[in-house]
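Student: Mind having a look at this structure? Questions to follow.
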Amino acid sequence: MRLLSGVLGVLLLLALLTWLLLRGIDTNAPAYAVTLRAFDDFALAEASLHRDVLQARAGLLRNYDSLVKAMEARQDAVSRLRFHAQTVGLDVGPADRLAATVSQQEELTERFKSGNALLQNSLSYVGLLSTSPGFVAQDAQLAPATGALAAALLNLRRDTSPDAVKALQERIDRFAAEAPTVGPDAEAARALLAHSRLLQELLPAIDETLKALVAAPSRQPLEEIRALFSDRRSAVEATAQRFRLLLYLVSLLLLVILVHLGLRLRSRALALRRRAAFEHVIAENSTRLINCPPTETDARLKQVLGELSRAISVERAYVVLDENPTRVQAWSADETAYPPGWPKQALTLSARVGTAGPDIVTVPDAAALPPGALKDMLAAAGVRGWACVPLIRPGRVRGIMGFDTCRPTWDRIFPLPVLRLAGDVVASALEREFLERDRARLATRLERARRMQMIGSLASGIAHNFNNIISAILGYSEMVEPQLTRGTKPAQHVDEIRRAAERGRDLIDNILTFGRRRDARVRPVQVRTLFEEAASLLRASLPSGVELVIENVLVDVAVSGEPAQLQQVILNLCTNAAQAMPRSGSICVTAEQKEVAAFLPLSHGELPPGRYVCLAIIDSGRGFDENVARRLFEPFFTTHLAGTGLGLATVHEIVRDHDGAMNVQSKPGHGSRFEAWRPAVVADSTAVVGPAMLPLGGGETVLVVESERERLLYNEEMLAALGYEPVGFERPADAIAACRSMPDRFDIILVSHASQTAVDVAHALHEVAPRQPILLATSSTIDVGVDALAEAGISELVRRPLVSTELAAALARCLRSPGTLRP
């Protein structure tokens, strides 16, 4: 469309220049030249006519063809003048008057020709008679009268005034009186007298005709016609001159436009060169961000911000993600600290000026802004030029990338499309980081689910088989024991058999406890209370050589969970620490509340940003190496002869069930430090213990896909009790159709289906609604791979049939996870 507009503009410009050029050319010059030639022809014909008439009057011209040609030439010239005047739209009145004058002169010329022919004949006759020797010799008396008559005629031919006419009349009268009436000369005398009288009449008449012919008013209409054509010529020349001037001005304007276009092309070329350099920087850093591990994304992102800032000549650059807490990555050219509150305030500022969409906001000069909050916040941050690029990835990332400069940017333009590209690169890198973390979390949960499934099956088999054996051993030991004398060898052997059986029974109980599914009651629990209860139990059970030190904990430090399980974490960790001491030592138990601003990698897990309670157990035992540290929390792994290998595994499972992670630090011969990180809550001593303390929803809509009708109703009732609005479907096709018709209706999707088709159903729903997190409830995870789960968009795994505590925790994690933020 723009190309078509450009072509049309060029064509219109060419048409305008051509029109001005044609109008500027004096196209009237040939016609005016023809008109001038007609004027010249008329003047020449008129002069020729007057000359020929005078020559004919003088008797020098006997042939009148030249008079005819002169009259025809004048008539032709007048016709041409009238035609040209009519052609150019001039007044033809003067031409008509000139034509009338020419017609009048033609009549006079014809009259002159007739009279002059008689005149010349009479003059010839009179001259012949008056000079005839015979006529004069025969009559000597008439000679004087004849001479006087001839002289008078000659004078009248030269001068036709009344005096000359009167003198001729006297000569005629005298000749008539003296002329013979009879005789041989009488006839000649009478003829001479008749011709003299005819000449007396013709000469004045011819001269009058000649005077009328010469004095005919042809000059005035001719001058009028000449003035009309001259004015017309002047007007045409003035118009042509104006158009030539206009063409000159248009040419100058076109030259200015061409110079402007040249400057713009040069500026565009420079901008394209800068953009190409910037795109090259973006491409290099995009490759670096893609190739770097997720754990190095933050460090690499800071380097990328520095290179982007240097490419566009700004002093500061930063990325602010809308998480809880706010996540910030910043770079500055001089390594100076940012003003207080900046760049976190940039996220709030961007929301005020409208970067909730994909548009980039630029402020070339903050000083030129009208008074208001925007100007005040930028001035407080020391920012003169500001660009804000929203980082939006549906369902994954939301935040901004900002660029600050301490001087106005009027002298340069922020490359907005390239900034958008840079924002997409950074957003993609952050999205990849979230996806990798989700993938790792899914792999961990899948491994845990598989292990728990296998342990549960193993525990059931042991419970049904090994318990019968242990029961028989204990029963027979109890029956034999009364029959033996105390202190004897057989009594001691039976006692050892009974105690070994009891240890076997305790081992079975631990296995069942580890693998059994629990629907525990959770509530906020003060850590100080846990420590006080644990101290009384531990001091009675720990060896006398082990010193237990429990540091004071603030009252408001609290976690959420089932008190017995939380207590078991402390007891198991302290028992493990006591077993690591050969004879004596100390165990220190402490806890503190900490804020995690970014993802925190630990030795056994990773924590998203948030507020946590770090419970630490520090011992002065033997310590262990990295090989032992890697297997610490594996079920049945132990380094103690009397250990079961389930104490630390149970601690790990309980901590992970409470959305926490473990961190272990140890060196051989230097003791160990076990840290259990769990989300912190507000302590509430009056909280009611029960299902009401589960993490409840806020009316979010949950799409439920369940193939069994009764179980679907049960799941809907459970979700409603947890504070969610369930919408259930038995057929996956109906659920997919509902998502396709209204994809934003649902906040989360729960797929509880047969294991063979559950992942396929989740994948189909993810394609229709890619922004909604998906929970997969399955009874078996043996045949499920991590890649399949990640491709299907599954955020959490829960066991089927559903348990309220597990479901509530999974739903809460999905809705608050930074990897599932939606714009």
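The values are calculated or read from the model by the stated rules, or taken from the named source; none is laboratory data. Predicted model only: the values in this text are computed from it and were never measured. Neighbour counts run over all protein chains shown; Cβ positions are idealised from the backbone, glycine included. Just so you know, the surface numbers come from the protein's heavy atoms only, side chains and all, with ligands and any DNA or RNA stripped out. Shrake-Rupley method; radii C 1.70, N 1.55, O 1.52, S 1.80 Å.
Student: Identify all residues within segment 206-251 that are under 30 Å from Gly59 (Cβ atoms) and open to solvent by 50 Å² or more (accessible area, probe 1.4 Å); write none if there are none. It would help to see each step written out before you state the result.
Tutor: From segment 206-251, those under 30 Å from Gly59 (Cβ atoms) are 206-219; that's our starting set.
Matches in segment 206-251: Glu208, Lys211, Val214, Ala215, Pro217, Arg219.
Student: Please state which one of Ala356, Ala351, Ala333 is out of contact with any strand residue (DSSP E or B) (no Cβ under 6 Å at 6 or more places or on another chain) and at pLDDT 80 or above. Give the derivation first.
Tutor: Details: Ala356 fails: at pLDDT 80 or above; Ala351 fails: at pLDDT 80 or above.
Of Ala356, Ala351, Ala333, the one residue that is out of contact with any strand residue (DSSP E or B) (no Cβ under 6 Å at 6 or more places or on another chain) and at pLDDT 80 or above is Ala333.
Student: Just checking, how many residues over segment 57-104 are assigned to a loop (DSSP other than H, G, I, E, B) and on the phi < 0 side of the Ramachandran plot? Please lay out each step first, then the result.
Tutor: The initial filter retains those residues of segment 57-104 that are assigned to a loop (DSSP other than H, G, I, E, B), namely 58-64, 88-92.
Retained after the next criterion (residues that are on the phi < 0 side of the Ramachandran plot): 58, 60-64, 88, 90-92.
The number of residues fulfilling the criteria is 10.
Student: Count, please, the residues in segment 575-602 that happen to be open to solvent by less than 40 Å² (accessible area, probe 1.4 Å), closer than 17 Å to Phe531 by Cβ and part of a strand (DSSP E or B).
Tutor: Of the residues in that region, 5 qualify.
Student: Here's something else I'd like to know. Read through the list (1) under 20 Å from Gln86 (Cβ atoms); (2) without any contact (Cβ under 8 Å) to a residue 40 or more places away in the chain, then give the number of the only condition that Tyr32 fails.
Tutor: (2)
Student: While we're here: Among the residues of segment 309-319, what is the count of those that are at pLDDT below 85 and farther than 17 Å from Glu335 by Cβ? Step through it out loud before you land on a result.
Tutor: The first filter runs over segment 309-319 and keeps only residues at pLDDT below 85, leaving 309-315.
Now drop any that are not farther than 17 Å from Glu335 by Cβ, which leaves 311-313.
Looking only at that region, the number is 3.
Student: Suppose we filter segment 218-251 for residues that are in a helix (DSSP H, G or I) and farther than 15 Å from Leu21 by Cβ; how many remain?
Tutor: Of the residues in segment 218-251, 20 are in a helix (DSSP H, G or I) and farther than 15 Å from Leu21 by Cβ.
Residue by residue, here is whether (1) modelled with pLDDT of 80 or more; (2) over 60 Å from the mean Cα position of the chain (by Cα); (3) open to solvent by 50 Å² or more (accessible area, probe 1.4 Å) holds:
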| position | (1), (2), (3) |
| --- | --- |
| Tyr476 | no, yes, yes |
| Glu481 | no, yes, yes |
| Asp509 | no, yes, yes |
| Glu532 | yes, yes, yes |
| Leu542 | no, yes, no |
| Val549 | yes, yes, yes |
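Student: When only residues in segment 397-420 that are touching a helix residue (DSSP H, G or I) at 6+ places or on another chain (Cβ under 6 Å) and under 21 Å from Arg288 (Cα atoms) count, which is modelled with the lowest pLDDT?
Tutor: From segment 397-420, those touching a helix residue (DSSP H, G or I) at 6+ places or on another chain (Cβ under 6 Å) are 397, 400-402, 415, 418; that's our starting set.
Among the residues that remain, those that are also under 21 Å from Arg288 (Cα atoms) are: 397, 400-402, 418.
Working: Val397: 49, Ile400: 83, Met401: 85, Gly402: 84, Val418: 71.
Filtering segment 397-420 for residues that are touching a helix residue (DSSP H, G or I) at 6+ places or on another chain (Cβ under 6 Å) and under 21 Å from Arg288 (Cα atoms), the one modelled with the lowest pLDDT comes out as Val397.
Student: Cβ-Cβ below 6 Å, separation at least six or inter-chain, first residue in segment 469-490 and closer than 13 Å to Ala501 by Cβ, second modelled with pLDDT of 80 or more and of a type outside the set (Asp, Glu): which pairs?
Tutor: Filtered contacts from segment 469-490: Ser477/Val494; Ser477/Ile497; Val480/Val494; Glu481/Val494.
Student: When segment 276-293 is examined, which residues are found to be open to solvent by 90 Å² or more (accessible area, probe 1.4 Å) and either of a type in the set (Lys, Arg) or without any contact (Cβ under 8 Å) to a residue 40 or more places away in the chain (or both)?
Tutor: Once the filter is applied, which keeps residues that are open to solvent by 90 Å² or more (accessible area, probe 1.4 Å) and either of a type in the set (Lys, Arg) or without any contact (Cβ under 8 Å) to a residue 40 or more places away in the chain (or both), segment 276-293 yields His280, Asn291.
Student: Still on this structure: Does segment 109-117 contain any residue that is over 21 Å from Lys211 (Cα atoms) and either open to solvent by less than 30 Å² (accessible area, probe 1.4 Å) or more than 60 Å from the chain's Cα centre (by Cα) (or both)?
Tutor: At the first step, the residues of segment 109-117 found to be over 21 Å from Lys211 (Cα atoms) are none.
Checked segment 109-117: no residue is over 21 Å from Lys211 (Cα atoms) and either open to solvent by less than 30 Å² (accessible area, probe 1.4 Å) or more than 60 Å from the chain's Cα centre (by Cα) (or both).
Student: Further question on the same structure: Going through Arg300, Arg273 one at a time, which residue ends up being open to solvent by 50 Å² or more (accessible area, probe 1.4 Å), part of a helix (DSSP H, G or I) and farther than 15 Å from Val426 by Cβ?
Tutor: Every option except Arg273 fails the conditions.
Student: What tally of residues in segment 229-256 results from selecting those that are in contact with a helix residue (DSSP H, G or I) (Cβ under 9 Å, 6 or more places away or on another chain), aliphatic (A, V, I, L, M) and modelled with pLDDT of 85 or more?
Tutor: Qualifying residue count, segment 229-256: 4.
Student: Next question, about the same structure. Look through segment 719-759, keep the residues that are hydroxyl-bearing (Ser, Thr, Tyr) and within 15 Å of Ile794 (Cα to Cα), and return whichever of them is surrounded by the most Cβ atoms within 10 Å (Cβ to Cβ). Reasoning before the result, please.
Tutor: Initially, segment 719-759 is screened for residues hydroxyl-bearing (Ser, Thr, Tyr), giving 724, 741, 752, 755, 757.
Applying the additional criterion that residues be within 15 Å of Ile794 (Cα to Cα) yields 752, 755, 757.
On the way: Ser752: 25, Ser755: 16, Thr757: 13.
The residue in question is Ser752.
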